[in-house]
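A quick write-up on the structure given underneath.
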Amino acid sequence: MAKGKDKAGGSKKEEQTNYDPSMLQNTYVQACNSIGIKPYGFETNDSGEQIIITGSSKKENDRLSSGGCRALMKALSGKLNTGDDVLSTVEPFTSLKDLRIRSSNIQDTGALAVATFLRATAEVKTPKEASEEKATTAQPQWKLQYLDLSDNVIGHQGALQIGRSLEVGMNKTLSTLILDFNPLGSAGALSLCKGISTNSSLKVLSIRHCDITNSTEGDEPIFCAMLSFKRLALATLDLSSNSLEGKGLKEQLCSGLEQNSSLTTLRLADNNIRSQTDEDVAAL
């Protein structure tokens, strides 16, 4: 805690919080021990604002995995528990702005842990709950803006949970979400976008190489509800290297784009869009 002078010559208090990355490492090891798995080594930068984890392409077992992801999310949120038995509560790692977990085989279970963490960053106490807290207790001020979960074998269920964590009233800090090279499928993309369809903070969404086709079960348009949301902040949408084809352009995108005012960049490369689909391209 430091004291400073205000313009009137008086003194005021300025909070200074120093984040020690080793504290996160220690908490992560405790979380791993609590669920009986071997810790996976990773590093943060000196400020604690960025964590980058990339699994080994040569060693299948040398990856964070779903269990390691669960432990990391517990450590970041400051809540170490197994089931309903809380082991301890530590300082949440709120300095984090940029989290990249790539090629780490976290699967849907790990994606659920990430989604739970995203929801935790949006927890707001009711007036009654707040009044029962000690006056010295402050709400964590989360800063996470960038999340990259590329190439993690995340499917429909993982996409569904991440989407729900971004619904209105949930996480409000995230501005970039990258889920490239995950087998979301059309159903997963639809579930993800349903959540984002009430989100007013996300600005970049990348779902390249995610096995998205030109139809879904029940023929519900994948992107239309999201794109037509009046308060949508999304400026960049990357759908490259999927299988939308010309039909997908017309049926999955066009009606939403007609009502959209936020999008400035739309990437559709490598979607099997051929010359015989001129009418569909014209509709776009």
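Quick look at the values:
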quantity	calculated
Test: residue in segment 177-185 that is modelled with pLDDT of 95 or more and more than 17 Å from the chain's Cα centre (by Cα)	yes
All positions within segment 246-267 that are surrounded by fewer than 19 Cβ atoms within 10 Å (Cβ to Cβ) and among the charged types (D, E, K, R)	247, 258, 267
Flag if residue 182 is over 21 Å from residue 263 (Cα atoms), open to solvent by less than 20 Å² (accessible area, probe 1.4 Å) and either of a type in the set (Asp, Glu) or not in a helix (DSSP H, G or I) (or both)	yes
Lone qualifier among 238, 270 - being out of contact with any strand residue (DSSP E or B) (no Cβ under 9 Å at 6 or more places or on another chain) and not polar (S, T, N, Q)	270
Within segment 268-278, considering residues that are open to solvent by 60 Å² or more (accessible area, probe 1.4 Å) and in a loop (DSSP other than H, G, I, E, B), the one modelled with the lowest pLDDT	274
Failed condition for residue 216, given (1) assigned to a loop (DSSP other than H, G, I, E, B); (2) crowded, with 22+ Cβ neighbours inside 10 Å	(2)
Some residue of segment 190-213 being hydroxyl-bearing (Ser, Thr, Tyr), modelled with pLDDT under 95, part of a loop (DSSP other than H, G, I, E, B) and out of contact with any Phe, Trp or Tyr (no Cβ under 6 Å at 6 or more places or on another chain)	no
Strands (runs of 3 or more DSSP E) wholly inside segment 3-122 that include at least 2 residues being closer than 22 Å to residue 160 by Cα and either open to solvent by 50 Å² or more (accessible area, probe 1.4 Å) or at pLDDT 80 or above (or both)	98-102
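Condition check ((1) out of contact with any His (no Cβ under 9 Å at 6 or more places or on another chain); (2) open to solvent by 20 Å² or more (accessible area, probe 1.4 Å); (3) hydroxyl-bearing (Ser, Thr, Tyr); (4) under 24 Å from residue 250 (Cβ atoms)) across all residues:
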site	(1), (2), (3), (4)
140	yes, yes, no, no
146	yes, yes, yes, no
204	yes, yes, no, no
207	yes, no, no, yes
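The values are calculated or read from the model by the stated rules, or taken from the named source; none is laboratory data. Because the structure is a prediction, the values reported are computed rather than measured. Note: ideal-geometry Cβ built from the backbone for every residue, glycine included; neighbour counts use all protein chains shown. Keep in mind that these areas ignore ligands, DNA and RNA; they rest on the heavy atoms of the full protein, side chains included. Shrake-Rupley method; radii C 1.70, N 1.55, O 1.52, S 1.80 Å.
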